[in-house]
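Read the figures in this text as sums done on the coordinates, not as results from a lab. All figures in this text were calculated on a predicted structure; none of them were measured in a lab. Cβ placement follows ideal geometry from the backbone for every residue including glycine, while neighbour counts extend to all protein chains displayed.
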């Protein structure tokens, strides 16, 4: 595979040359000259699944680029990189947020205690929902508020939970394309453990 940059013979060239060579233009403007790829004889189920994911990611990115306010956010993040806003939107669609931690050391079942969540995404986490349950009963559920740029979120409890020792705290993080990640913290016997 040969690389070319500012070659007057290849200026404006892209695609197949003859039966053996293909020219590809990269995002940075350089060109790659390579052997013609062989045609795929059969698509495996995994390849089909990946093609479908990419198709949906492209649809999402096109819709985001059509909205000037959202397009500006993606384009601003892409500035100074080899990517553009469309590429970042495709990548964002393909990656769910990560919940790094749920900290509930202060939680004792009383209202007014703080639960801290650290959730990040390759682009942006738009919401974190906290749910406290005992068995199949929801004790309380609400939105956490963001605190700073490091993916920190806080939720302040509002309901008295007399069965605190059997509680499970669930955090659900959602990004712009609506990808969801869920993490759990168990308060069994008063000892809080990450599940």
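Quick notes
- Averaging the sequence gap over all C-alpha pairs within less than 8 Å and six or more residues apart, then dividing by the number of residues, gives the range 45-94 a relative contact order of 41 percent.
- Only helical runs count toward this figure. For the chain, summing -39,500 (n - 2.57) over DSSP H runs of n ≥ 4 and dividing by all residues gives -7000 deg cm²/dmol at 222 nm.
- Rounded to 10°, Cα long-axis angle of helix 85-94 versus longest principal axis of the chain: 50 degrees
- Averaged over residues, the count of other Cβ atoms within 10 Å places the peptides 51-62, 35-46, 112-123 in the sequence 112-123, 51-62, 35-46, highest first.
- Rounded, prolate or oblate (a/c below 1.5 giving rounded, otherwise prolate when a/b exceeds b/c) for the range 45-94 by Cα gyration tensor: oblate
- Computed log10 I(q)/I(0) for the chain at 0.13, 0.14 Å⁻¹: -0.84, -0.91, from the Debye equation with unit scatterers placed on every C-alpha and solvent omitted.
- Sequence-separation-based contact order of the chain, relative, with Cα cut under 8 Å and 6+ spacing, percent: 15 percent
- Once the Cα atoms are used to define both axes, helix 68-78 deviates from the longest principal axis of the chain by about 80 degrees.
- Counting every other Cβ atom within 10 Å of each residue's Cβ, 101, 14 order from fewest to most as 14, 101.
- Distance distribution P(r), the range 98-194, all Cα-Cα pairs, bin width 5 angstrom from 0: 3, 15, 27, 25, 16, 9, 4, 1 percent.
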